[in-house]
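Report on the structure given below.
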Amino acid sequence: MSKSSNSSKKTVYLVIIFLLLLINLVGAYYLFKGQQDLEATQTEVVGLKDDLSALQADFNAQLAQLNEMKGLNEELDAIIAQREAEIAAHLEEIQKWKNQSSYNKNELNKLKGKIVEFEAERAAFIAQIDELSKENAELTELKTQLEEDLSAEKEVTANLTEEKEYLSEKFELGSLLQADELSAVGIKIKDSGVEKEVSKLKNVDKVMVCYQTGENKVREEGSVMMQLRLINPRGETLTLGAEGSGSFTSKENGKEVPYSKEAAFNFDGSNKKICIYWGHQIDVEGTYTAEIYQEGYLLGVSTFELN
């Protein structure tokens, strides 16, 4: 074999060896580069899963926070219900991503975008809740203030009503007449018409009850009605429809009080002597009682004996 032929073969072998070395070097580079990319991807996946776990924890904490806010007002409850449904869907989606064993680059980028989106969404919602909570606190404060004002107004009204009732009662009491010098006796009427005081039951034709009204500058002038209640020794009130007997409500205890007869007269502010006569059912020996009333108030009491 000639020298030129050997030289050509040697050259070919060298080229082949160089090419093999070059292929091995390129393969080793790409193998190393792929291993680096894989490790970087795995590190990125671990970081993303940590971020997903943190976001998952934030969503669960947000659910607990939302549950505490329920019942403040209807508007807030409606927003909370909507947000709870959204969080439940997000948590389900996050759990699916966490359960995946591998990701490609596009999925990793998508997850990064979702995490940013969720964080922005969470921040916006918390700001909305804070605003609503602030408004609710202001409304609660306003409601409390209104309730306090209403309570104070009711107290003032109650005090005014009580004072008005007190003054009204004072005026009513001040407008009452008197039953001064109240006396009650049995009388016999002679043929001449002269009245004679008697104490024997058999001689009594009528009972005469007299008293002085006294002066009163408070009461308006006009008609006045006063009632006589005549009680026999058995404790019975003497009544007769023909004499105008009736009953009234006592201002002192609210009970119904029967009366024997009314005395109606015109009052002009000056003292008047009033006499009332009763000539029925005087048939029991013992102590009789005469009571004078005006507008439900007892003005005076007198007793007398018939034997």
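Pop a pseudo-label 7 angstrom from the Cα along the beta-carbon direction at both residue 99 and residue 145 and give the gap in nm to one decimal.
In this crude spin-label approximation the distance works out to 5.4 nm.
Express the C-alpha Rg of segment 246-296 as a ratio against the empirical globular expectation 2.2 N^0.38 Å, rounded to two decimals.
1.40
Per the Kirkwood treatment, what hydrodynamic radius in Å, one decimal, follows for segment 180-306 from the mean inverse distance over all distinct Cα pairs?
Taking the inverse mean of 1/r over all distinct Cα pairs, segment 180-306 comes out at 15.3 Å.
Kindly rank 226-235, 91-100 from highest to lowest mean number of other beta carbons found within 10 Å of each residue.
Order by mean packing, descending: 226-235, 91-100.
Among the lysines, select those whose C-alpha is under 17 Å from the C-alpha of residue 154, and discard any that sit fewer than 8 residues away in the same chain.
In chain and number order, the partners are 143, 164.
Bear in mind these aren't lab numbers, they're just calculated from the coordinates by the rules spelled out. Computed from a predicted model, the values in this text were never measured in an experiment. Every residue, glycine as well, gets a Cβ built from its backbone with ideal geometry; the counts of neighbours run over all protein chains shown.
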